[in-house]
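The values are calculated or read from the model by the stated rules, or taken from the named source; none is laboratory data. The structure displayed is predicted, hence computed values, not measured ones. A quick note on method: Cβ atoms are made from the backbone with ideal geometry, for glycine too, and the neighbour counts reach across all protein chains shown. In case anyone asks, the SASA skips ligands and DNA or RNA and just uses the protein heavy atoms, side chains included. Shrake-Rupley method; radii C 1.70, N 1.55, O 1.52, S 1.80 Å.
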Amino acid sequence: MSRPPSSEEADHDARRSRQWLAGQAQGAGVARDDLLELGSAMAALTAAAAERDPVAVAPAPVGVDPGAPIAKPLLPELLRPLETNAEMRWDAMAGQGYVVPNDRFFVRNHTVTPRLDARAWRLRLFGTGLRDAPTRDAPVEFTLDELRRLPAEESTALLECAGNGRRYFADQQDDPAPGVAWDLGGVGVARWRGVRLGTVLRLAGLTDDAVDVMPEGLDPDYVTGGANLGRVRRPLPVAKALDDVLLAYEMNGEPLPADHGFPVRVVVPGWIGISSIKWVGPVEVSTTPLFSPWNTQFYRMFGPGHPVDGGVLGAQSVKSAFELAWDARVPADAEVLLHGRSWSGAGPIDRVEVDTGDGWRPAELVAADRGGPWQRWTAVWRPPARGRWTLRARATDVTGAGQPDRATHNDLGYLFDGVVRHPVTVV
């Protein structure tokens, strides 16, 4: 089969961006000129970085109750609400295993969590990249039961919002950015079970000349800057779709919770979280390059040092977090066993260092985690005196990428990778 030269996220996004600017990529629902106009509005917005991105939800049909933005209980000891989102509290992971339990897994919603009927739900595949070019109105359909009868696979994968850590651009670097002010809790690892997207594409009649696959969510339309951008969607190259992408219907051994994509979501290992479309319904398969607002105007790098039309986001950056409450209180005159986790979108973690006020020293890595999507670690600390102290952790992945003291600026606050200064009080 003829495939794109690379299934890597940065390569694909760079190629599609060039084609979009040249008018060679196709995108239903939003005119290219409207997106360019929105891009100018976004540039003005990011120039005033303290401003927030104006977001609205398209009106629901009369008689439909959209419900609360998030369905699951937002227990304050587990989650921190952030508008229509919620981030995991890192101290809620203390004593937990490798995966994040469903009740504290972060929620990233562009609008609100939809309440869908699994019996009425259908996966609908269409486009020129399928045999006989089925249309959106007459697609190839699969029910949830039909997907469950296909060979199932399980994948332990990490999902992370590209804006995870955005708060620290302001709090640590006096360099605020618009958007959701995540701490470090917009990340999580789970065991996902489902059927490979590639299996379903082949059953639907994937052709040799297909190049892009674009899953689309069933959450309400997203409205920003006065423009209705439609439902959240983002293209993948066919090479990636046939590799390790999962149509997941279970999370940590349970049916997908509503906030995490019930009844079926896409899980795209190694790519930024926006690619793992929740509540997937329509899937376009095309012989021509595809674009959406989520790979042309959002999830791109703007600002000094980046192209005017935005730079490629690339792999998720290296980060480290302590499994400890912010400004935690710890006892004096006793050894404290610090726990934490580090991760990177470019590959497994190779080493972790911790600084408790007396310089950097190696942390102890949990051997069972080596080579996985994130790495647990520990470090022993005996506080020398009562008072305020700052803890720091930094990691290096197998590619050599690490964490600088200060993250490089970009206007939308993506990919924060700086070392976070974690305050504690010794009592």
**Prompt:** With 79, 147 as the choices, which residue is closer than 26 Å to residue 339 by Cα, in contact with a strand residue (DSSP E or B) (Cβ under 6 Å, 6 or more places away or on another chain) and not aromatic (Phe, Trp, Tyr)?
**Reply:** 79
**Message:** Out of 385, 401, I need the residue that is touching a residue at least 24 places away in the same chain (Cβ under 8 Å), open to solvent by 30 Å² or more (accessible area, probe 1.4 Å) and closer than 25 Å to residue 300 by Cβ. Which one?
**Reply:** 401
**Item:** Residue match in the stretch 288-295 (condition: at pLDDT below 95, open to solvent by less than 20 Å² (accessible area, probe 1.4 Å) and small (Gly, Ala, Ser))
**Value:** yes
**Message:** I want to confirm something. Restricting to the stretch 162-174 and keeping residues that are over 18 Å from residue 345 (Cβ atoms) and either part of a loop (DSSP other than H, G, I, E, B) or of a type in the set (A, V, I, L, M, F, W, C) (or both), which single residue is most open to solvent (accessible area, probe 1.4 Å)?
**Reply:** 174
**Pairs, first farther than 23 Å from residue 160 by Cα in the stretch 284-305, second at pLDDT below 90 and crowded, with 21+ Cβ neighbours inside 10 Å, C-beta under 8 Å, six or more apart** = 288/25; 289/16; 289/20; 289/25; 290/16; 290/25; 290/27
**Asked** Considering only residues of the stretch 233-275 that are open to solvent by 10 Å² or more (accessible area, probe 1.4 Å) and among the small types (Gly, Ala, Ser), which is nearest to residue 11 (Cα to Cα)?
**Response** 239
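Checking the condition charged (D, E, K, R), more than 24 Å from the chain's Cα centre (by Cα) and open to solvent by 60 Å² or more (accessible area, probe 1.4 Å), which residue from 91, 137 passes?
Details: 91 fails: more than 24 Å from the chain's Cα centre (by Cα).
After applying the criteria, what remains is 137.
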**Message:** I need the full set of residues from the stretch 100-112 which are farther than 14 Å from residue 73 by Cβ and either open to solvent by 30 Å² or more (accessible area, probe 1.4 Å) or part of a strand (DSSP E or B) (or both), in order please.
**Reply:** 108
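Given the residues 145, 132, which is the only one that is more than 25 Å from the chain's Cα centre (by Cα) and either assigned to a loop (DSSP other than H, G, I, E, B) or touching a residue at least 60 places away in the same chain (Cβ under 8 Å) (or both)? Give the derivation first.
Details: 145 fails: either assigned to a loop (DSSP other than H, G, I, E, B) or touching a residue at least 60 places away in the same chain (Cβ under 8 Å) (or both).
132 is the lone residue from the list that is more than 25 Å from the chain's Cα centre (by Cα) and either assigned to a loop (DSSP other than H, G, I, E, B) or touching a residue at least 60 places away in the same chain (Cβ under 8 Å) (or both).
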**Meets criteria (surrounded by 23 or more Cβ atoms within 10 Å (Cβ to Cβ), outside any helix (DSSP H, G or I) and not aromatic (Phe, Trp, Tyr)) for residue 159** = yes
**Complete:** In the stretch 365-382, anything touching a residue at least 40 places away in the same chain (Cβ under 8 Å), in contact with a Ser or Thr (Cβ under 7 Å, 6 or more places away or on another chain) and in a strand (DSSP E or B) is listed as 374, 381
**Request:** Would you mention how many residues in the stretch 325-344 are open to solvent by 20 Å² or more (accessible area, probe 1.4 Å) and not in a loop (DSSP other than H, G, I, E, B)?
**Result:** 4
**Asked** Would you pick out the residues in the stretch 232-251 that are under 18 Å from the mean Cα position of the chain (by Cα), in a loop (DSSP other than H, G, I, E, B) and in contact (Cβ under 8 Å) with a residue 60 or more places away in the chain?
**Response** 232, 234, 235, 244
**Request:** Taking the residues in the stretch 185-202 that are touching a residue at least 40 places away in the same chain (Cβ under 8 Å) and either open to solvent by 10 Å² or more (accessible area, probe 1.4 Å) or of a type in the set (Val, Ile, Thr) (or both) as candidates, determine which candidate is nearest to residue 284 (Cα to Cα).
**Result:** 200
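Could you tell me whether residue 218 is open to solvent by 10 Å² or more (accessible area, probe 1.4 Å) and either aliphatic (A, V, I, L, M) or closer than 23 Å to residue 313 by Cβ (or both)? Step through it out loud before you land on a result.
On the way: open to solvent by 10 Å² or more (accessible area, probe 1.4 Å): yes; either aliphatic (A, V, I, L, M) or closer than 23 Å to residue 313 by Cβ (or both): yes.
Considered against the rule, which asks whether it is open to solvent by 10 Å² or more (accessible area, probe 1.4 Å) and either aliphatic (A, V, I, L, M) or closer than 23 Å to residue 313 by Cβ (or both), residue 218 comes out as yes.
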**Request:** Scan the stretch 353-364 and report the pairs whose first residue is open to solvent by 20 Å² or more (accessible area, probe 1.4 Å) and whose second residue is of a type in the set (Lys, Arg), with Cβ atoms within less than 6 Å and a gap of 6+ or a chain change.
**Result:** 353/394
**Prompt:** Is there a residue in the stretch 310-322 that is among the polar types (S, T, N, Q), modelled with pLDDT of 95 or more and surrounded by fewer than 24 Cβ atoms within 10 Å (Cβ to Cβ)?
**Reply:** no
